[in-house]
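The numbers here are math on the coordinates, done by the rules we state, and not lab data. Bear in mind that the values here come from a model prediction, so they are computed numbers and not experimental data. Note that each Cβ is placed from the backbone with ideal geometry, even for glycine, and that neighbours are counted across all protein chains shown.
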């Protein structure tokens, strides 16, 4: 059983995935607008509510905001489901992201950018943990995430479906915007410390970079993701306006 103790993720889970919520514990003497909204949503979805002393919530999570939700784990999607739901595929492939803070931040940005799905390898990758859910601020509940046994083979499968794969890497000779993102595309991002593995880099159709003009030699992977993803958004929105 998982637990979440931040108000916004709880609200989004109750609203979008009530079947995951086993019950919600609410501090007896705690009232604020978001808690009232959670209570209202939970009642409409027939989710059990328990009003308990603060000490009981403290034992579950000392960083709670007056509410703790007990959940069943989020289920992964399959690659076929993600592909079938995408009109013009827009995916994110993550090679070895092990920090839940980074994965949660990427999921939050990806959901805002309209990404159709995120693809993770089974090994060398953080799972959809409580920490990931909290950092995503509820976005995880709206995002399809597939976990695959072999990322390189999955990249071949995506190419067979007409998806172009763009790797984000400092070694790229061209910049992040020098690609036609109106095409079906998957943005491939590497691990926090090592970047893309050599095999994954070779599987990419393009390797593009973000110039760094200061003294640091790399960006946080979640920041790099945001720059790439919103270039896709910019180009596709411009096409709509043509």
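Couple of notes before you dig in:
- Over the chain: helical MRE at 222 nm, DSSP H runs n ≥ 4 each giving -39500 (n - 2.57), nearest 500: -11000 deg cm²/dmol
- Cα gyration tensor shape of region 183-235, rounded if a/c is under 1.5, else prolate or oblate by comparing a/b with b/c: oblate
- Rounded to the nearest 10 degrees, the angle from helix 100-113 to the longest Cα principal axis of the chain is 80 degrees.
- Largest GNM mean-square fluctuation among 78, 44, 154, using the chain with Cα springs under 10 Å: 44.
- Taking the fewest neighbouring Cβ atoms within 10 Å as the starting point, the ordered list for 126, 221 is 126, 221.
- Relative contact order for the chain, counting Cα pairs under 8 Å that sit 6 or more residues apart, in percent: 20 percent
- Beta bridges per DSSP with both ends in region 79-241, % antiparallel, nearest 5: 5 percent
- The gain in end-to-end length when the residue 230 to residue 217 segment is fully stretched comes to 2.5 nm, 0.36 nm per residue minus the alpha carbon separation.
- Top of 172, 104, 117 by mean-square fluctuation, Gaussian network on the chain, Cα under 10 Å: 172
- For region 58-136, the relative contact order is 34 percent, taking Cα pairs closer than 8 Å that sit 6 or more residues apart in sequence and dividing their mean separation by the residue count.
- Tensor-based shape of region 122-195 (alpha-carbon gyration tensor, a/c under 1.5 rounded, otherwise prolate or oblate): prolate
- Applying 0.36 nm per residue to the separation of residue 43 and residue 62 and subtracting their alpha-carbon distance, the gain on full extension is 4.3 nm.
- A Gaussian network model of the chain, with springs between Cα atoms under 10 Å, assigns the largest mean-square fluctuation among 62, 20, 147 to 62.
- Cα-Cα separations in region 47-187 greater than 19 Å, expressed as whole percent: 57 percent
- Once Cα extents along the principal axes in Å is calculated for the structure shown, the corresponding label among [x] 58, 34, 33; [y] 59, 40, 38; [z] 50, 41, 38 turns out to be [y].
- The angle between the Cα long axis of helix 33-44 and the longest principal axis of the Cα atoms of the chain comes to about 80 degrees, rounded to the nearest 10.
- Global geometry of region 1-87, whether rounded, prolate or oblate, following the gyration tensor of its Cα atoms and the 1.5 cut on a/c: prolate
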